[in-house]
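Undergrad: Before anything else, here's the structure in question.
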Amino acid sequence: MAGQEQRRRRHRVVLFPLPFQGHVTPMLQLAALLHSRGLAVTVLHTAFNAPDPARHPELAFVPIREALPDEVTCPGADIARQLLALNTACEAPFRDALASLLLLRGRRGQDQDQGAVACAVVDGQCYAAVDAAAQLGVPVVALRTDSAATFRTMLAFPRLRDAGYVPIKEEMLDELVPDLEPLRVRDLIRVDGSDADALCGFIARVAGAVRSSASGVVVNTFEGIEAPELAKIRRELSLPVFAVGPLHLLSRAPAEQTTLRAPDGGCLAWLDTRPPRSVLYVSLGSVATVGHAAFEEMAWGLAGSGVPFLWVVRPGLVAGGEEEAPPPLPDGFSEEIKNRGKIVTWAPQREVLAHAAIGAFWTHCGWNSTLESVCEGVPMLVQPCFADQTVNARYVTHVWGVGTEVGEVIERGIVAEAVAKVMVGEEGARMRERAHRLKMEASAATSLSIDSLIHYISSLPT
Ligand code: UDP
């Protein structure tokens, strides 16, 4: 065993996450897993939203020297523009950093501690880095930080565009999308408006880089929830596809290792004082925004529901508002909910979802949040905002049956009704039962796919 481990440590894997919470987290979880299985790991990263190396003494961190334009770094920036600009800005610095690591090997020979680069694992949304690694002759595995279903929709985009399903047309919103059922047109990644061409181009490049440059694909999902989607991807791509999720369970990486913001742990003590399944947890993740009016309706809907809640109101949550401080709550709201609500700017979400007091999760359906909720058996109230969130929301409500929609329009009366439905209604109880079954499936997810990934990397020549 020791010999096997030593042999693997000569295999170095170079990882490159995109610098957003929902991307850094699964990449660092994968890094922890690969290292725990005996591989040497180097994380290349941007200076923007850089991970803290002190929290991962076992990994090597190397900053790339990117120069990011304001449209990437300014809070509240449009995500499509951010992704396009990031790809452009990271391409050359990523290539230089990876080339330097390859040279290091040449200088140091088969130094066991150093480990020769065997492959790169690159965020699948960073098509420029996927292509750059392949051009340097490094086998590159694309990490999908979204679901298998979302990845399928991205692969299908050229066909969807040719068939007129995207850019999205209002009159087609409720049509089922052939071969992607149960997704309707309204559930596809929203491509419309003035950015439609740019977004379509981005998705086409993401799919194109996987097809032309990747040697394999890693997806943070598990067969228990996405077996049919994984099977279809495997049929479509002639590449190994490893379903290595749920990464946060299998990697055992503590949540505080991967968070980019400091969580307010005080809310856990507050939850301790609450009866089982009595509290609604509300969070729209790290980047989604809502309009000022919707924010006020959320607040008054929560107040009107009569249900205790823990709400993450982070700086930047309200579009166009102050970026450094959380948005002010509506007048009179704090008084109204004094004994019933708790508001934090960032929560220790995984611990919150695992807390017995939590009854349901009002979520934007980011893939990490969705998986975390599934793994804790917590039913969901879904309010998808953009990108893959509509796909995830459809699976939550119509495939796994563990959630319901808040409503297309965020209005206080509708919110209060939806909250009551999931927290105290019979339908909520049925969702909770199904969520519990999914939790059992998630905890039974095996590391077989990780074993295959390790075997695959260890067999690569160095
Ligand atoms: N998260 C957290 N505290 C919060 C809100 C979010 O720790 O108050 C974490 C959450 O556990 C998840 C990640 O941030 O792992 C958000 O990722 P997700 O894919 O759900 O959404 P995104 O932020 O990418 O839209």
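Undergrad: Could you compute the net charge surrounding E324? Neighbours are other residues with a C-beta less than 14 Å from the C-beta of E324; K and R count +1, D and E count -1.
TA: Numbers: positive: R261, R314; negative: E322, E323.
Taking every Cβ under 14 Å from that of E324, the sum is 0.
Undergrad: For G403, which sequence-distant residues (separation of 5 or more, or a different chain) have an amide H within less than 5 Å of its own amide H, given hydrogens modelled in the peptide plane?
TA: Here the answer is M380, since their amide H atoms fall under 5 Å of that of G403.
Undergrad: Where does the Debye-calculated log10 I(q)/I(0) of region 21-66 sit at q = 0.24 Å⁻¹, using only Cα point scatterers of equal weight, no solvent?
TA: Log-scaled intensity ratios, in q order: -0.89.
Undergrad: Taking the dipole about the Cα centre of the chain, with the C-beta of Lys and Arg at +1 and of Asp and Glu at -1, give me whichever of T88, L136, T258 is farthest to the positive side.
TA: L136
Undergrad: If you don't mind, there's one more thing I want to ask. Hey, for a label at A92 modelled as a point 7 Å past Cα toward Cβ, could you say which residues of region 119-142 have their backbone N under 20 Å away?
TA: Residues passing the 20 Å test: 126-137.
Undergrad: Please express the shape of region 208-308 as an equivalent ellipsoid: the semi-axes are the square roots of 5 times the eigenvalues of the C-alpha gyration tensor, given largest first in whole angstrom. Let's see the in-between values first.
TA: Working: eigenvalues 282, 73, 48 Å².
So the three semi-axes of region 208-308 are 38, 19, 16 Å.
Undergrad: Taking θ as phi - 60°, what are the ³J(HN,Hα) couplings along region 146-154 by the Karplus curve (6.51, -1.76, 1.60), each to the nearest whole Hz, with x for Gly and Pro?
TA: Going residue by residue, I get 10, 7, 5, 4, 5, 4, 4, 5, 5 Hz, with x marking Gly and Pro.
Undergrad: Could you give the spread of the C-alpha atoms of the chain along their three principal axes, from largest to smallest, in whole angstroms?
TA: Each principal axis gives a Cα extent; for the chain these are 67, 51, 42 Å.
Undergrad: If I model a spin label as a point 7 Å beyond the Cα along the Cα-Cβ vector, how far apart are those points for L176 and S459 in nm?
TA: 3.9 nm
Undergrad: Distance from the Cα centre of region 276-325 to that of region 111-185, in angstrom?
TA: A separation of 31 Å, based on Cα centres.
Undergrad: Give me the dipole magnitude in Debye, nearest 20, for region 253-299 about the Cα centre, with unit charges on the beta carbon: positive for Lys and Arg, negative for Asp and Glu. Display every interim value, and only then the final one.
TA: Details: 3 positive and 5 negative charges, 28 e Å.
Roughly 140 debye for region 253-299.
Undergrad: Once you place label points 7 Å from the Cα toward the Cβ at S334 and D70, how far apart are they in nm?
TA: 3.3 nm
Undergrad: Let me ask another. Using amide H atoms built in the peptide plane, which far-off residues or other-chain residues are under 5 Å from L18 H to H?
TA: D123
Undergrad: Sort 406-413, 185-192, 13-20 for me by packing, meaning the mean count of neighbouring Cβ atoms within 10 Å per residue, highest on top. Intermediate results must be reported in sequence, preceding the final value.
TA: Working: 406-413: 15.4, 185-192: 20.4, 13-20: 24.4.
Ranking the peptides 406-413, 185-192, 13-20 by packing returns 13-20, 185-192, 406-413.
Undergrad: Also, I was wondering about something else. Please report, in debye to the nearest 20, how large the charge dipole of region 37-173 is about its Cα centre when each Lys and Arg carries +1 at its beta carbon and each Asp and Glu carries -1 there.
TA: Charge dipole of region 37-173: 440 debye, to the nearest 20.
Undergrad: From the gyration tensor of the Cα coordinates in region 375-462, what semi-axes in whole Å does the equivalent ellipsoid have, largest first, with each one equal to sqrt(5λ)?
TA: Square roots of five times the eigenvalues give 36, 17, 8 Å.
Undergrad: So what are the three principal axis dimensions of region 45-95 from its Cα atoms, in whole Å, longest to shortest?
TA: That works out to 34, 25, 14 Å along the principal axes.
Undergrad: Sorted from largest down, what three extents in whole angstroms do the Cα atoms of region 26-171 have along their principal axes?
TA: Sorted from largest, the Cα extents of region 26-171 read 62, 30, 28 Å.
Undergrad: Same structure again: Which residue, chosen from V307, F61, Q125, occupies the Cα position most advanced towards the positive end of the dipole of the chain, where the dipole is computed from +1 (Lys, Arg) and -1 (Asp, Glu) charges on Cβ about the Cα centre?
TA: Ranked along the dipole, the leading option is F61.
Undergrad: Next question, about the same structure. How large are Rg and Dmax for region 221-266 when calculated on the C-alpha trace, in angstrom?
TA: Looking at region 221-266, its Cα Rg and Dmax stand at 15.5, 49 Å.
Undergrad: Okay, moving on. Gain in length, A319 to D197, computed as 0.36 nm per residue apart minus the alpha-carbon separation, to one decimal in nm? Before the final figure, lay out the partial values.
TA: Numbers: separation 122, 0.36 × 122 = 43.92 nm, distance 2.35 nm.
Net length gain for the segment: 41.6 nm.
Undergrad: Sticking with this one: About the Cα centre of the chain, what is the dipole size in debye to 20, counting +1 per Lys and Arg Cβ and -1 per Asp and Glu Cβ, all else neutral?
TA: On the way: 43 positive and 53 negative charges, 384 e Å.
In total the dipole reaches around 1840 debye.
Undergrad: To continue, here is another question. Tally Lys/Arg at +1 and Asp/Glu at -1 over every other residue whose Cβ is under 9 Å from the Cβ of D195; what's the total?
TA: Counting the neighbours of D195, the net charge comes to -2.
Undergrad: A further question follows. If I stretch the segment between R55 and E236 completely, what's the gain in nm (0.36 nm per residue apart, minus their alpha carbon distance), one decimal?
TA: That pair, R55 and E236, stretches by 61.3 nm at full extension.
Undergrad: How fast does region 319-395 diffuse by Stokes-Einstein, in µm²/s, taking the Kirkwood radius from C-alpha pairs at 37 °C and 0.692 mPa s? It would help to have the intermediate numbers written out before the result.
TA: Numbers: Rh = 14.4 Å.
This corresponds to a translational diffusion coefficient of 228 µm²/s.
Undergrad: Given the -39500 (n - 2.57) contribution per DSSP H run of 4+ residues, what per-residue ellipticity at 222 nm results for the chain, rounded to the nearest 500 deg cm²/dmol?
TA: Details: 19 runs with 211 residues, N = 462.
About -14000 deg cm²/dmol.
Undergrad: Continuing with this model, one more query. How large is ³J(HN,Hα) for each residue in region 285-296, as worked out from phi by the Karplus curve 6.51 cos²θ - 1.76 cosθ + 1.60 (θ = phi - 60°), to whole Hz, x for Gly and Pro?
TA: x, 9, 10, 5, 10, 10, x, 4, 5, 5, 4, 5
Undergrad: Would you mind checking which residues have amide H under 5 Å from L237's amide H? H placed 1.01 Å from N; only 5 or more apart, or other chain.
TA: Close amide H contacts, sequence-distant or interchain: none at all.
Undergrad: Over 29 Å between Cα atoms, which of K169/K421; K342/K421; K169/K342; K232/K421; K169/K439 qualify?
TA: From the list (K169/K421; K342/K421; K169/K342; K232/K421; K169/K439), the Cα-Cα distance tops 29 Å for K169/K421; K169/K342; K232/K421; K169/K439.
Each value in this text was obtained by applying a stated rule to the coordinates, not by laboratory testing. Everything numeric here is computed off the predicted structure, so don't read it as measured data. Note: ideal-geometry Cβ built from the backbone for every residue, glycine included; neighbour counts use all protein chains shown.
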